[in-house]
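What follows is a single structure, written as structure tokens, with notes after it.
The values are calculated or read from the model by the stated rules, or taken from the named source; none is laboratory data. As the structure is a computational prediction, the values presented were derived from the model and not from experiment. Cβ placement follows ideal geometry from the backbone for every residue including glycine, while neighbour counts extend to all protein chains displayed. Keep in mind that these areas ignore ligands, DNA and RNA; they rest on the heavy atoms of the full protein, side chains included. Shrake-Rupley method; radii C 1.70, N 1.55, O 1.52, S 1.80 Å.
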Amino acid sequence: MIRKLKTIMVLSFVLVNALFLAGVSYASYQYFFNFTSEEISETKLSLLNESANKLSGVINNISEAGTFIAIDRSVTDIFSDNLENPYEALTERTELKNIVNNISSLKDEVYSIEIYTDRYANTPYLYDHTILPEDRLKEYAWFEPFIDSVDNGWVPNHESNTIGQNVISYVHRIINQRNNTVGYLKVNVLASDFMNYLRDTDLYAEINEPFILLNTGNRIIAETHSTEDFPVLNEIISNTDNSIFKQLTKEYEDLRNHHQIIRSNNEYYLLLISRPNYDQWRLVQVVPVDDLYEETKQMGAIVLLIGLVAIVLSIPIVYALGRWITKPIGQMIQAMRKVEKGQFDTKMKKHYVEEYDIMSSNFNRMTSELSDLVSKVELENENRREAEMRALQSQIMPHFLYNTLDMIKWKSLDHDADDVGEMVNNLSKMLRIGLSGGLSFIRLRDELEHAKCYINIQKQRLQQDIKYKARVPASIKDLYVPKIILQPFIENSMKYGYDHNEKQQVRIDVEANLISSKEQEVLKITIRDYGKGLPENFNDQHVRGIGIKNVRDRIRMYCGDGYNIEINNHEDGGVLVEMTLPVVHHEPMDDTNSSHI
């Protein structure tokens with residue numbers, strides 16, 4: 001006996017309308033595929049245009065570093081004066097290195113900056129990895145043809161003879177006050193990292209297809225993949241006359257804001273060329289068509305399935321059978337409407353057809369789980385409202401207080417009360433970060449600044465020697481964390497961990513690192529003091545302090561039950577607080593500030 005719904009429908013379809021279904025479904029699929037293919041190409045091109053504009057900021061940061069040093073007044077003054085003795089040369093070299101190091105530290109994209117000059121030819125021992133003789137620059141095959149045509153510009157991927165790695169460089173001629181060339185500046189960016197800045201635009205999670213960056217002269221400055229990885233690149237890339245640079249072939253070099261399908265070795269690719277960005281540079285992307293339209297083909301299959309259902313329901317012979325089959329669906333819709341109204345005790349009866357019987361069982365199980373979930377959500381909402389109410393109650397005229405503190409600060413400075421002004425300034429910073437526009441998450445660097453301001457206030461208030469260190473990698477300071485999670489623990493440490501003895505030193509360390517496991521990656525923050533430690537029989541789950549309990553409740557509410565705080569005595573003395581948080585790269589939206597990440 002046939003009981004399965006799928007078997008009954010297939011047999012009915014085969015007997016009635018197989019040929020008609022094939023024709024209509026194929027036509028629908030072709031129309032859908034052609035339409036979505038054009039939409040995908042336009043969407044990918046728009047994304048590439050936006051990426052090119054955002055990448056312009058990285059290009060400007062790198063070129064500005066070189067231009068700033070090359071035209072800096074102090075640099076041109078140095079190269080305009082004659083050297084009197086080796087000591088003067090040493091002093092001058094040190095000043096140049098300081099300028100280079102200061103600029104390098106401000107530009108995260110820059111790997112190294114080198115100055116090539118013959119100014120110290122008489123004192124060759126002054127040359128190092130930053131200041132080098134011009135002969136080292138002339139060793140590059142690209143130098144002579146490049147510098148003869150421009151005063152500054154970009155050099156594509158090449159191996160550096162100083163750091164031994166492939167780099168992409170911005171080169172700028174250094175001219176003294178007498179308009180003489182006295183050297184060259186070379187700003188290096190690792191070739192392996194340059195195109196990875198596309199990820200920082202938040203538009204590409206992974207770079208799996210070739211990207212090519214073109215400058216204003218149609219020369220290729222950077223590319224993510226080689227022709228060995230993607231032979232199709234041989235179809236669109238050619239060498240220039242001097243063979244130093246590569247460029248797009250004549251067929252594609254003048255195209256802008258363009259997309260087309262190209263064929264190579266019996267495979268099809270989507271070629272995308274962006275419009276020029278703010279620097280008149282362009283970005284090129286090559287995407288395999290099979291990967292690009294995989295989801296489109298899946299959607300096409302869904303269209304075919306919809307056509308199948310529509311045709312079957314339209315056939316008179318199958319009408320009566322279809323009505324019998326769809327009757328339980330109507331019953332389930334009525335039951336779902338009752339569930340929408342909150343009647344979670346609605347139940348479906350068992351059915352003769354096996355699939356409907358399974359659906360009825362799943363529906364009944366779903367309503368039971370929904371009832372439990374609604375109860376849990378209501379409890380969480382109640383806890384959230386209570387927490388928000390406590391937060392509102394704690395914000396007693398915060399904006400007025402902040403403005404008043406700012407007035408006190410300037411008034412104290414008028415009366416030379418610098419210590420009062422500094423304390424008020426730190427308190428104002430704490431208040432500003434605490435407000436943070438009403439958001440629940442702030443960057444980790446702001447949270448560290450909030451804790452540092454609190455320490456500075458305590459240093460002025462107390463007579464004890466307070467040592468505070470924060471060891472946090474720069475790479476994770478832009479992660480988002482719930483705000484005001486460090487200060488309550490630091491306050492408890494200073495209040496209960498140490499005696500108020502002027503001779504006793506107060507020492508507090510804060511560290512943060514990313515911890516990876518098979519399941520997930522988490523952010524771990526530790527706060528340690530070197531004081532008296534916790535009393536015996538201490539249980540951190542029954543802490544009555546408002547500050548610590550508030551932090552624990554907020555972490556559980558915003559991040560979920562999988563994240564928490566542990567407080568224990570350190571084996572070498574003092575107290576160790578370990579805080580586990582999710583890794584949040586982007587600022588949560590308003591509707592997620594109060595829900596689990």
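Numbers below:
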| read-out | value |
| --- | --- |
| Extreme residue, nearest to LYS429 (Cα to Cα), among residues of segment 453-504 that are surrounded by 19 or more Cβ atoms within 10 Å (Cβ to Cβ) and hydroxyl-bearing (Ser, Thr, Tyr) | TYR454 |
| THR249 vs. criteria at pLDDT 80 or above, in contact with a Ser or Thr (Cβ under 8 Å, 6 or more places away or on another chain) and among the β-branched types (Val, Ile, Thr) | yes |
| Residue pairs meeting the criteria (Cβ under 7 Å; at least 6 apart or on separate chains; first more than 16 Å from LEU373 (Cα to Cα), in segment 332-361; second charged (D, E, K, R) and in a loop (DSSP other than H, G, I, E, B)) | VAL353/ARG3; GLU354/ARG3; GLU354/LYS4; GLU355/LYS4; ASP357/LYS350; SER360/LYS349; SER360/LYS350 |
| Failed criterion for ASP193 (all others in (1) open to solvent by less than 60 Å² (accessible area, probe 1.4 Å); (2) within 38 Å of the chain's Cα centre (by Cα) hold) | (1) |
| Test for ASN215: is it open to solvent by less than 50 Å² (accessible area, probe 1.4 Å), over 30 Å from ARG256 (Cα atoms) and touching a Phe, Trp or Tyr at 6+ places or on another chain (Cβ under 6 Å) | no |
| Qualifying residue in segment 200-210 (condition: at pLDDT 85 or above and surrounded by 12 or more Cβ atoms within 10 Å (Cβ to Cβ)) | yes |
| Per-region count, segment 252-269, residues surrounded by fewer than 11 Cβ atoms within 10 Å (Cβ to Cβ) and either out of contact with any Ser or Thr (no Cβ under 8 Å at 6 or more places or on another chain) or without any contact (Cβ under 8 Å) to a residue 12 or more places away in the chain (or both) | 3 |
| Qualifying position, being at pLDDT below 90 and touching a Leu at 6+ places or on another chain (Cβ under 6 Å), among VAL303, VAL287 | VAL287 |
| Residue match in segment 359-379 (condition: outside the structural domain of ALA27 (by the TED database), loosely packed, with under 15 Cβ neighbours inside 10 Å, farther than 30 Å from MET557 by Cα and at pLDDT 75 or above) | yes |
| Per-region count, segment 545-561, residues free of Cβ contacts under 8 Å to residues at least 60 places away in the same chain and in contact with a strand residue (DSSP E or B) (Cβ under 8 Å, 6 or more places away or on another chain) | 2 |
